[in-house]
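See below for the structure under consideration.
The values are calculated or read from the model by the stated rules, or taken from the named source; none is laboratory data. Computed from a predicted structure; not experimentally measured. Ideal geometry is used to build each Cβ from the backbone, glycine not excepted, and the neighbour counts take in all protein chains shown. When the accessible area is computed, the model is the full protein with side chains, heavy atoms only, and any ligands, DNA or RNA have been set aside. Shrake-Rupley method; radii C 1.70, N 1.55, O 1.52, S 1.80 Å.
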Amino acid sequence: MEENTYALLKQNVQEIIDFIAAKNAIDAKNKLVVVSEQLDDLLDFSEDDADLIEISKYQVLLNQLQQKIVALNGHL
């Protein structure tokens, strides 16, 4: 997979983290949905083990961020 694909993923995940830090649960959730769809697409077309491992790391991170967003929603 291309390096710029991972750079874009990293940038998008950082945006989610920034939204959470700003207590902006709506935008964080919307961005999380977009990034999750991107990961699903990458997973569908990836055959390389290294790529699959990297994608799974992002999936775990997104799951953790989703829990943060749910917790944030509870405190709003």
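Okay, here's what the table says:
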{"quantity": "Average silhouette area of the chain, convex hull of alpha-carbon atoms, in square nanometres", "calculated": "4.5 nm²"}
{"quantity": "Selected from V60, V13, V35 as most flexible by GNM, with the chain as the system and alpha-carbon contacts under 10 Å", "calculated": "V60"}
{"quantity": "Accessible area per residue, Å², the chain with all protein chains present, probe 1.4 Å", "calculated": "69 Å²"}
{"quantity": "Total lysine pairs under 13 Å (Cα atoms) in the range 1-71, excluding pairs fewer than 8 apart on one chain", "calculated": "4"}
{"quantity": "Extreme residue, positive dipole direction of the chain, given options I26, N63, Q14 (C-beta unit charges)", "calculated": "I26"}
{"quantity": "Cleavage-rule hits (trypsin sites (Lys or Arg not before Pro)) in the range 16-62: DSSP loop, at most 13 neighbouring Cβ within 10 angstrom", "calculated": "K23"}
{"quantity": "Between helix 3-21 and the chain: long-axis angle, C-alpha atoms, 0 to 90°, nearest 10", "calculated": "10 degrees"}
{"quantity": "Distance in nm between pseudo-label sites at S46 and T5 (7 Å out along the Cβ direction from Cα)", "calculated": "0.7 nm"}
